[in-house]
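Report on the following structure.
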Amino acid sequence: MKLEKAIKELLKLKIKSRDELTAVKRNLAKKFGIDILLNSEISKEYRKLVASKKIKVNPTLEKILRKRAVRTLSGIAPVAVLIKPYPCPGKCVYCPSEKGVPQSYLSNEPAVMRAIRCNYDPYKQVQLRLRALEANGHEPNKIELIVIGATWSVLPKKYKYWFIEECFRAANEYGHKKIQMSKSKCQIKSKIQNLKKILLKEQKKNEQSKYRLIGITLETRPDYINEKELWQMRELGGTRVELGVQAIDDKILALNKRGHGVAEIAKATKLLKNFGFKVTYHIMPGLPGSTPAKDFKMFSRLFSDERFQPDQIKFYPTVVTRGSLLYKWWKAGKYKPYSNEQLQNLIIKCKKIIPPYVRVIRLIRDIPKESIIAGNIITNLRQIMKDKGVKCNCIRCREVGDQPFTIKNPKLTIKKYKASGGREYFISVETRLIASRHHTSSTLYGFCRLRLGPTAIIRELHVYGELVPVGKNKKIQHAGLGKKLMKEAEKIAKRKGYKKIAIISGVGVRGYYKKLGYKLENTYMVKTLEGK
């Protein structure tokens, strides 16, 4: 009772900063004789009172209460879920093997710890992540589901359909039912056609659900990509694929027992792009057989050689962990990781040459410090780069985020480049960010990736800024930029002689494209380009 009274008193105040909130919480704790209020407790009561219309929406307070606001500043709420431990076909020298954990992962990594608590149950993992995001002040209505854990492509087919169906069901039922375990796993034993019907039913529901899966990411190896695999990924709702590329040098790949070469990477990349998938490369600087000079040369080649041209990059600097062959090499003096200075200088050089159509998602992997025997243990590399004044032209460094802004003379920009036998058009809305009377800088508000190859296909449409739930007030999202970008893509495709245009749509955003005249056709949203 005291807790509720304290929160209601706090919500009546006009709090304008985090410092002010901290002071108010201390005073209320003293006044009511309670522990200092948690932001999650305040957020829960705030949402309840707003829903019942007892108080008005307070955007300033929402922002102050939000923990780790960066999670939804790109316009989506990422939800990572782990598959169960399953034998991996790879025998990579750097990869740890821990019992009861998916290959290449460690039991003390945050995402793995959450999955273990849920016994790798997909339904429970999704619901608990949504609950955690809401408790921290986020509104996770637009979900990018990121499925991690070794090689997705080698999992049993029935397990894959069951796993994704349960993720959809968890999103559809969130907020309506108490968190439960997945439906009886006997579903996995049923016929694949039955599993497909159940999945389609949940996908159809998700088109109108409050919590929509607007994208699904799957991670796999380049040598397991083929047309059959990609059609299956599309049937599941996949829109982005993360490839364990590591290096684009056959000798380095062979030394590290990767099990495939550069040819397989190039082939997989081309297939993925022709199917419309967004492509993320995992890159591992510092592998045995490499040097900082070789790593930079390979990184430069990613964007000078049209066989590659990834859309996104994850830097995973090589580290030594127990349970890997690399650990034995390190103990025997056969391997020495890069020093902090070598690694930082390499990343600085790489960031300087990244094209404006590429997004750097990560600079390090989230491996706990205590598990790293040798190699990089610095977790805030991105901040260190920023403090050193490193300027990067990647998407993440230019997106609008939560900066104070004024949109002035938005400019439609088109960057063209060859990639995997096709031509890519990076269509963006960019303008000046006016942060003050004396300071302006280039800012990215939204973009569209159009690929002209065997077909005209939009591989990504993204408007940046703080996540705005469907139907809420306009900020950057829902300000008409998406329609403007789509119209330009259609115009280019028509001018180049294409009669139709397709978009690789996430299930949860099909409704948006239907309003623009697109129809569902073989898992894609398709539109006929009429007129001259």
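Before moving on, here are some points about what is shown:
- Partners for residue 352 among aspartates and glutamates (Cα-Cα distance below 19 Å; same-chain residues under 8 apart left out): 295, 305, 311, 341, 387, 399
- The value given for the range 124-275 is a Kirkwood hydrodynamic radius of 16.9 Å, derived from the mean inverse Cα-Cα separation.
- Based on the Stokes-Einstein relation at 37 °C and a viscosity of 0.692 mPa s, and on the Kirkwood radius from alpha carbon pairs, the range 314-388 is assigned a translational diffusion coefficient of 242 µm²/s.
- Exceeding the 23 Å Cα-Cα cut-off - candidates 160/527; 351/416; 25/210; 349/369; 8/48; 142/514: 160/527; 25/210; 349/369
- Dipole magnitude for the range 2-65: about 240 debye, using +1 per Lys or Arg Cβ and -1 per Asp or Glu Cβ, origin at the Cα centre.
- With N the number of residues in the range 35-149, Rg(Cα) / (2.2 N^0.38 Å) evaluates to 1.33.
- Residue (of 340, 122, 414) at the positive-pole extreme of the chain, dipole from beta-carbon charges: 414
- Note on residue 91 and residue 176: the model spin-label points, each 7 Å out from Cα along the C-beta direction, lie 4.9 nm apart.
- Dipole of the chain computed with +1 at Lys/Arg Cβ and -1 at Asp/Glu Cβ about the Cα centre; of 299, 443, 275, farthest Cα towards the positive end is 443.
- Beta bridges by DSSP in the chain, antiparallel share as percent, to the nearest 5: 55
- For the set 54/197; 91/270; 270/386; 157/297; 30/124; 270/494, the pairs lying more than 31 angstrom apart at their alpha carbons are 54/197; 270/386; 157/297; 30/124.
- Farthest toward positive dipole pole in the chain [+1 Lys/Arg, -1 Asp/Glu at C-beta], among 246, 486, 326: 486
- Size of charge dipole - the chain - debye, nearest 20, with Cβ of Lys, Arg +1 and Asp, Glu -1, no other charges: 1300
- Per residue, the average separation of C-alpha pairs within less than 8 Å and at least 6 apart gives the range 69-220 a relative contact order of 30 percent.
- Shape metrics for the range 2-65, restricted to C-alpha atoms - Rg then Dmax, Å: 10.9, 29
- Ranked by the mean number of other Cβ atoms within 10 Å of their residues, highest first, the peptides 262-275, 78-91, 139-152 fall in the order 139-152, 262-275, 78-91.
- Of the three principal axes defined by the Cα atoms of the chain, the extents in descending order read 68, 67, 63 Å.
None of the figures in this text is laboratory data; all of them are computed from the coordinates on show. Note that this is a predicted model, so its numbers are computed, not measured. Virtual Cβ from ideal backbone geometry, glycine too; neighbours counted across all protein chains shown.
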